[in-house]
Structures are given as C-alpha cells and as structure tokens.
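Asks: Could you have a look at this structure, given as structure tokens, before my questions?
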Amino acid sequence: MKTTRLSGILFLLYCSLCFLFQHCWNSEMTPVKDRKDSLKKNVIDGTLSIEKIERLDAQKDSLEKQFDLKQFDFSYPTYYHKNWWGIYGIRDNALTAGLDTIGNLFLFSNLVSDGAGKIQHDSLLLLINDSTWSSGETRTSPLTPELAGGTIEHGYYTNKNAIEILQAIARNPNAVIKAEFWNERKILTIKLSARDKKGIRDCVLLSAVLIKISAERKRLAFPEGK
C-alpha cells in the first residue's frame, strides 16, 4: 500500500516537472527566437531606411543648388529660387513659390501696374487646358511704389488650395498655364513663363524630398540633420 502511494506521488511529481519544463520552454525559448527575428527585421529595415535617407539627401543636395537659403523676408529660414534672382517681389507679373526648411510650401504672386491705379486682388484662378484651380482668399500686401513710378502688389498664399495649384503646375511643365487675378471681377490674366514653371517645379520637388527625409528620420528616431 505504501509502495503504491509512493509511486503515485512520484508520478504526480514527474507530471508536475514535465508541465513546468514545457511551460518554461514555451514562455522563455520561443520569445527569444521571436526577439531575434524581430531584431533581425529591425536591422534590415533600419539599413534600408538609412540607405533611403542617403539617397534622399543626395537628391536634396542636388536640388538645393537651384536655391539660396536665407532668413530675409520671413521669420524662419526660407529657400529662394535662383530663377527669381534669390528674391520675392520680382518686378514683373508672375507666379513664384517658396518653401521653408521642413518643406512647407507657399505661393507668391506679383502684379505690376504702370500707373497709380488700384490692382488689389483677393484670389487667383489657375487654368491648365480644361482644368481650373481656385486659390481661395489670399493675404495681399499693400501696393508698393516702384522705381519707375508704377506700383507692385504681392500676394501670399499658404492654404491647401495654393499647394494644389503649385502641384498642378509642377505636374504640367510643358503645358500652357494661365493665372487670372480677381477681386469682384477679373483684373488681369497672365501666362506663366518657363522661368516660373521651372522654379515652382523645383520648389515642389524639394518640398517632397524634405518631407520624406523628416519622415524617415522620425521613423528611426534619428535627430534632424546629420
């Protein structure tokens, strides 16, 4: 009787040890493998991301050759395209663009009058073939005296509509593109020059590269900059 009871106790102890061993195996060994696989995946993803950042940095360096970076008209560093001689407020009717160092775009318009007549506008309409884009309202500067006795007006657009206008211009570098300036009526229509289309396209491309670089660095928890 004692032998039978002892055998039963030993059997239960054996079963307990087997259960404990199996539990330890499942809870400790498998996660280690998972962690190794996860670490391997992170290393691969991280390497690919670093390579992607390096490619984007090379694109940024190439595009930046078309710009001057300075803090002049705004409260933050801004890229000034060399197509517009590194300034905003050029002395002819035009659409220009700019961006800051994290890729935020803006649209900038110039209207020049030969006399003292009012040319104040509050919106513009972009026309490419049969498609149109409206800017919505803009922040417009007061008229500024010109050296030759005329006046110049600057419009500054930062809303979503303005960004869509810039992207539309960038997608159609060879199209005939016109811009209409409005207040209560249409004031003026201009045809975008090759100079303006090229400058705007470069702004849009550089903006996209800067935004992608920032996203990759954040994903890897890298500090901004090299």
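Asks: Would you mind stating whether Lys36 is at pLDDT 65 or above and of a type in the set (Lys, Arg)?
Replies: no
Asks: Okay, next question. Go through region 175-192 and give me each residue that's at pLDDT 95 or above and open to solvent by 40 Å² or more (accessible area, probe 1.4 Å).
Replies: Of everything in region 175-192, those that are at pLDDT 95 or above and open to solvent by 40 Å² or more (accessible area, probe 1.4 Å) turn out to be Val176, Lys178, Lys191.
Asks: Being part of a helix (DSSP H, G or I), at pLDDT below 95 and open to solvent by less than 20 Å² (accessible area, probe 1.4 Å): is that true of Ala162 here?
Replies: So Ala162 fits the description; yes.
Asks: Next question. Would you mind finding the one in Asn93, Asn110 that is of a type in the set (S, T, N, Q), in contact (Cβ under 8 Å) with a residue 60 or more places away in the chain and surrounded by 18 or more Cβ atoms within 10 Å (Cβ to Cβ)?
Replies: The unique qualifying residue is Asn93.
The values are calculated or read from the model by the stated rules, or taken from the named source; none is laboratory data. Owing to the predicted nature of the structure, the values given are computational and were not obtained by experimental measurement. Glycine also receives a Cβ, built like all others from the backbone with ideal geometry; neighbour counts cover every protein chain displayed. These area figures cover heavy atoms from the full protein model, side chains too; ligands, DNA and RNA do not enter into them. Shrake-Rupley method; radii C 1.70, N 1.55, O 1.52, S 1.80 Å.
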